[in-house]
Structures are given as structure tokens and as C-alpha cells.
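Data block below; observations after.
The values are calculated or read from the model by the stated rules, or taken from the named source; none is laboratory data. Source: prediction; values computed, not measured. Cβ sites come from the backbone with ideal geometry, for glycine too, and all protein chains shown count toward neighbours. Heavy atoms of the whole protein, side chains included, go into the accessibility calculation; ligands, DNA and RNA do not. Shrake-Rupley method; radii C 1.70, N 1.55, O 1.52, S 1.80 Å.
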Amino acid sequence: MALTQAYDEILDFLAAGTTPESIANFRPSDEAVARVRELIERRSEERLSPIENEELEEYLRLEHLMIMAKARAQLRLRS
């Protein structure tokens, strides 16, 4: 899966309109999850190229962004 596809997933999700509930329930595609797992496994085996390492870091930044969005959504749901 190209990193561009991961961005497209998130952008399509946001463009469709969101609610605190939809943000809290957002899950990446199976393809994105599989790619991240593959990169993490390759990193643990020290077989990750510099470009793949950059790709993994970008996925992790996207994940962090979604974690923060989900936390804020949960706060809104509780109030």
C-alpha cells in the first residue's frame, strides 16, 4: 500500500463529514494495517531501508494524529 493511499483514506473520511462518533470509530483499512505491521517487523529484524523507515515514521505520525482526534472526540461525547 502506498503511503498516498493512507492519506487518501483519511482525507476521504474527513471530506465525507465527521461526527465525534465517526472519529471515535475510525479504523484504517486492513491493507494499511498490514503494511504497518510489515514495516514494523522489518524494522525489528533490522531489514528496513531508509525509505521504508521514513514511510513507517509517516504512518506513525498519521496514527498519532488520529489518536489525538479520537481522544478529543471522546471528550466531546462525554460532555
Original post:
Averaged over all directions, how much area does the convex hull of the C-alpha atoms of the chain cover when projected, in nm²?
Top reply: 5.4
Original post:
Tilt of helix 30-44 relative to the longest C-alpha principal axis of the chain, in degrees (0 to 90, nearest 10)?
Top reply: 40
**OP:** Per residue of segment 19-28, in order, report the coupling 6.51 cos²θ - 1.76 cosθ + 1.60 (Karplus, θ = phi - 60°) as ³J(HN,Hα) in whole Hz, putting x for Gly and Pro.
**Re:** 10, x, 5, 5, 5, 4, 9, 4, 9, x
Original post:
Any idea of the accessible area per residue across the chain, 1.4 Å probe, to the nearest Å²?
Top reply: 72
Subject >> Neighbour cut-off at most 10 other Cβ (10 Å), DSSP loop, trypsin sites (Lys or Arg not before Pro), segment 36-79 >> reply: Arg47
Original post:
Taking only DSSP H segments of four or more residues, each worth -39500 (n - 2.57), what value at 222 nm results for the chain once the sum is divided by all its residues, to the nearest 500 deg cm²/dmol?
Top reply: -26500 deg cm²/dmol
**OP:** Please determine, in degrees from 0 to 90 and to the nearest 10, the orientation of helix 3-15 with respect to the longest principal axis defined by the Cα atoms of the chain, where the helix direction is its Cα long axis.
**Re:** 0
Original post:
Of the accessible area of the chain, with the probe set at 1.4 angstrom, what percent is carbon plus sulfur?
Top reply: 55
